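What follows draws every value from the coordinates through simple rules; no lab data is involved. Just so it is clear, the model here is predicted, and its values are computed rather than measured. Note that each Cβ is placed from the backbone with ideal geometry, even for glycine, and that neighbours are counted across all protein chains shown.
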Ligand SMILES: C[C@@](CO)(OP(=O)(O)O)[C@H](O)COP(=O)(O)OP(=O)(O)OC[C@H]1O[C@@H](n2ccc(N)nc2=O)[C@H](O)[C@@H]1O
Ligand SMILES: Nc1ncnc2c1ncn2[C@@H]1O[C@H](COP(=O)(O)OP(=O)(O)O)[C@@H](O)[C@H]1O
C-alpha cells in the first residue's frame with residue numbers, strides 16, 4: 001500500500017546570531033513557524049531489504065539525498081536496537097515543490113517526514129525525542145520538523161521552546177539564486193554578537209534576521225526582491241536565504257500583492273502554521 005505524507009516548509013520569523021562555538025557552528029536564537037505549503041512524499045514499505053528512491057532530485061546523488069540518508073540512518077539504528085529485521089525495505093517518492101537551498105528547510109523537512117513515516121510504517125516505536133536526536137546528525141533543522149510545533153530554537157537549533165506566533169499570511173518570494181549556508185556563515189562581516197534574550201524579550205522586540213545584510217550585500221537579486229516587497233509590507237529573509245517573505249493579516253491582502261509581482265519574481269502565498277501539516281496528519 002502507498003501512503004502519502006506531507007513535508008511542509010518553514011520560515012525563520014527572526015534569526016539572531018549570538019556567538020560562535022569552538023567547532024565553528026554559530027549559536028542562534030531563531031523563531032520557527034511552519035507553512036501550510038510544501039513537498040509531498042509517498043512511502044511503500046516491503047520486505048525486500050532495500051531503501052529505494054522513486055525519483056531523483058536534480059543535482060543531489062541518491063546517497064546524499066536527505067531522504068535516503070534519513071531512512072538508512074533509522075534502519076541502521078533500529079537493527080542495532082533489535083526493533084526491526086534486516087529485511088525491512090521501502091520505496092519513497094517525492095514531489096518537490098519547495099525551492100531548494102531557499103531557507104525554507106525542504107531537505108530537513110523531507111528527512112523528518114521520512115523518520116516519522118518509517119517509524120510508524122516499520123512499527124519501530126521510537127519517541128519523537130529519539131527521532132529528533134537521530135535527525136540532528138542529518139541537519140540542524142531536522143529536530144524542529146520532527147517535533148512539529150512552532151518554537152524558539154537555540155543552540156544550533158536543537159533546544160526548542162514552544163511558542164505560538166500569530167499565524168499570518170505570507171507572500172514568499174524566491175530570487176532564483178541559491179545561497180549555500182556556509183557562504184553566509186563564513187562571511188567576516190556577519191553579525192555574531194546579538195545579545196542573548198529571554199523568550200518574552202524576543203517576542204516583544206522588533207524581529208529581524210542577522211543574515212539579511214550579508215545576503216543583500218552579496219546577492220543583488222535578494223536586495224532587489226526585498227526593496228520591492230518592502231513597498232507593500234514588512235518583509236525579511238528566511239534562514240540564510242535565498243527566499244524572502246512579506247507578511248499580511250489576510251489571504252486577500254497577500255494575494256492582492258501577488259497579482260502585482262513582476263514576471264522575474266517566483267512567488268507563492270502560504271499561511272503560517274503553529275502545528276506542522278505532518279503532525280496534523282499524525283493526530284488524525
Ligand atoms: C541557519 C539555518 C536556520 O534555519 O539556515 P537555513 O538552512 O534554514 O537557511 C539552519 O539552521 C541551517 O541548517 P542546515 O542548512 O541544516 O545547516 P547544516 O547543514 O547543519 O550546516 C551547514 C554549514 O553551515 C554552518 N552552520 C550551520 C548552522 C549553524 N547554526 N552554524 C553554522 O555555522 C556550518 O559551517 C555548517 O557546516
Ligand atoms: N531531499 C532533499 N531536498 C532538498 N535538498 C536536499 C535534499 N537532500 C539533500 N539536499 C541538499 O540540501 C541543500 C539544502 O536544501 P534545503 O533544505 O531545501 O534548503 P535550506 O536548508 O536552505 O532550507 C540542497 O541544496 C541540496 O543540495
Notebook entry, point to check: Given the convex hull over the Cα atoms of the chain, what projected area results after averaging over all orientations, in nm²?
Noted result: 15.3 nm²
Note to self: Using a 7 Å offset from the Cα along the Cα-to-Cβ direction at both residue 201 and residue 176, what is the distance between the two label points in nm, to one decimal?
What the structure shows: 4.3 nm
Note to self: Taking the beta-carbon count within 10 Å as an exposure proxy, list 126, 149, 170 from fewest neighbours to most.
What the structure shows: 149, 126, 170
Margin query: I'd like the distance separating the alpha-carbon centroids of the range 159-216 and the range 47-97, in whole Å.
Written below: 31 Å
Next item on the list: Wrap a convex hull around the Cα atoms of the range 213-270, take a quarter of its surface area, and give that in square nanometres.
Entry: 3.9 nm²
Checklist line | For the range 53-93: span of alpha carbons on each principal axis (Å, largest first) | finding: 35, 15, 10
Next item on the list: Take every DSSP beta bridge with both residues inside the range 169-273 and express the antiparallel ones as a percent of the total, to the nearest 5.
Entry: 100 percent
Notebook entry, point to check: Cα atoms only, the range 170-284: Rg and Dmax in Å?
Noted result: 15.8, 47
Next item on the list: Based on other C-beta atoms within 10 Å, arrange 217, 168, 271, 10 from fewest to most.
Entry: 217, 271, 168, 10
Item checked: Mean Cα-pair separation over length for the chain, i.e. relative contact order, pairs under 8 Å, 6 or more apart, % -> 25 percent
Checklist line | Cβ-Cβ FRET estimate between residue 220 and residue 166, R0 fixed at 22 Å, reported to 0.05 | finding: 0.10
Margin query: Please compute the Kirkwood hydrodynamic radius of the range 1-150 from all pairs of different C-alpha atoms, in Å with one decimal.
Written below: 15.9 Å
Checklist line | Simple spin-label estimate for residue 54 and residue 84 in nanometres, 7 Å along Cα-Cβ | finding: 1.8 nm
Note to self: Nearest 5 percent is fine: what portion of the DSSP beta bridges confined to the chain is antiparallel?
What the structure shows: 95 percent
Notebook entry, point to check: Put a dot 7 Å past each Cα toward the Cβ at residue 213 and residue 129; how far apart are the dots in nm?
Noted result: 3.9 nm
Item checked: Over 18 Å [Cα-Cα, the range 115-206], rounded percent -> 64 percent
Next item on the list: Could you line up 30, 161 from fewest to most neighbouring Cβ atoms inside 10 Å?
Entry: 161, 30
Item checked: the range 128-284, relative contact order in percent, only Cα pairs under 8 angstrom and at least six apart counted -> 30 percent
